[in-house]
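The structure appears below as structure tokens.
The values are calculated or read from the model by the stated rules, or taken from the named source; none is laboratory data. All of these numbers come straight from a predicted model, not from anything done at the bench. All Cβ positions, glycine included, derive from the backbone under ideal geometry; neighbour counts span all protein chains shown.
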Amino acid sequence: MRTLITGITLSLLATTALAEEAPPSFGGDLLTRPKLTGDWGGVRDDLASHGVTLDLDATQVTQHVADGGFEGRLFNRLFPEKHETEGSAMFNMLLKLDTGKAGLWPGGFLTVRGEGRVGDSVDPRAGALMPVNGDAILPTVPGHGGQDVLALTELTYAQFFSPQFGLVAGLLNMAEGDSNELAGSLRSRSKFLNTAFRLSPVFIGAAPVVALGAMAVFIPNDDILGTAGFLNSEESAGFNPFEEDAGTSFATEWKFKHQLAGLPGKQTFGFIYAFDRDRIDLGADPRLHVISLATTGSPVVTGDESWTLYYNAHQYLHGDEKGGFGLFVRAGVSDGHPSPIKWNTAFGLGGRGVGSSRPDDTWGIGGFAVGASNEPVLNTFQIHDETGFEAWYNVALAPWLHVTGDVQYVDSAIQRADSAWVVGARTEINF
């Protein structure tokens, strides 16, 4: 699949910046500063006050397939370099310019992002339909799954004409789409590792992570955020985006904040419709590691239209995002053509803080299920439904340093793969 997600919260960063009066300081001692490298002798704070911020973060994940998964002579012949234990590292470089703070004009935001990936993951060895290491997916360069890559993945300009309305255009990055405060998003590097919790996988086949496009942003009030627009349907990360323009996707997403018994929550509704496409290669997308499909080597001819509906929500049962815990749920359904996922659901419990001694630690636990579509190629290789479970605990050693312990159980959709137990550790550093 050369296509995937959107949830269109790409403008949240811009709208957040729009509301900020002054940036926080990057200073402080080693254990309290927000970034490892501090304020650069005051230069970083000065740049931020003039609208320029530069961020670099790195994430390293090591996982081990403790039991089950995909193995045997066929696997060893196809993937002789894949082992039960693998490690990968991901890098994210982000440059932002606020034209108002820079003294140019109000309401303008330029964003440039580059992403890289080195090493490998245990996804093929785990034998799951949904990648057990969602961090190793980005950047989603088609045809380069499991390879070292470096790509420009965002180059956008956003202009807000009022606090209620703005436009965003350029090379859009949708990795923060379908985000959930307790479950995370495809970009989040501090919550669940399994991709099934981080987004609705029914997006696959409907819209890309990176592509040229334009979006309108609507903010009627503090409790509602809506986005709608068009983008190319073909994944562009790592390629010339003007040459990767097969098909068009319309996407809209609306987020509604609410209070229940005085406790905060949020609901998200989204819809995607893709058209003018006529061919999808189910084995080429690095976001899915369906071993049997990847070995066919032939593209699958599908229809030129597809649609997706999705929903996610969270509700705090105690406290809020600064300290508390709550429930989350996400669900999605698609036409299953060309997406290999017909429906999905995930649910669980997550929170921030464990007693007064660990106020900044975060944690989560949940289960998921995905239903395979009726595509003939999936039936041929007996791809069925998949279920799984995951629990994780993130230790905040410093504001810029987090370490997560993680355990997963997956009852694979792939017939030849045994149910797998996967354990892992993730380290995230923000420079």
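If only residues of the range 1-54 that are within 21 Å of Asn312 (Cβ to Cβ) and of a type in the set (S, T, N, Q) are counted, the one that is modelled with the lowest pLDDT is Thr3.
Exactly one residue out of Val141, Val118 is aliphatic (A, V, I, L, M) and crowded, with 17+ Cβ neighbours inside 10 Å: that is Val141. Scanning the range 411-431 for residues that are in a strand (DSSP E or B) and over 16 Å from Glu86 (Cβ atoms) yields Asp411, Ile414, Asp418, Ser419, Glu428, Ile429, Asn430. Filtering the range 382-404 to residues that are surrounded by fewer than 20 Cβ atoms within 10 Å (Cβ to Cβ), under 29 Å from Gly27 (Cα atoms) and of a type outside the set (A, V, I, L, M, F, W, C) leaves Tyr393, Pro399. Any residue that is touching a Ser or Thr at 6+ places or on another chain (Cβ under 8 Å), over 20 Å from Asn133 (Cα atoms) and touching a residue at least 60 places away in the same chain (Cβ under 8 Å) - is there at least one of those in the range 254-264? Yes, some residue in the range 254-264 is touching a Ser or Thr at 6+ places or on another chain (Cβ under 8 Å), over 20 Å from Asn133 (Cα atoms) and touching a residue at least 60 places away in the same chain (Cβ under 8 Å). Just one residue in the set Val301, Val407 is surrounded by fewer than 22 Cβ atoms within 10 Å (Cβ to Cβ) and at pLDDT 95 or above; that residue is Val407.
Here is the figure for the range 326-348: residues that are in contact (Cβ under 8 Å) with a residue 60 or more places away in the chain and under 24 Å from Pro264 (Cβ atoms) total 8. Inside the range 150-196, residues that are within 30 Å of Asp411 (Cα to Cα) and in contact (Cβ under 8 Å) with a residue 40 or more places away in the chain make up a count of 21.
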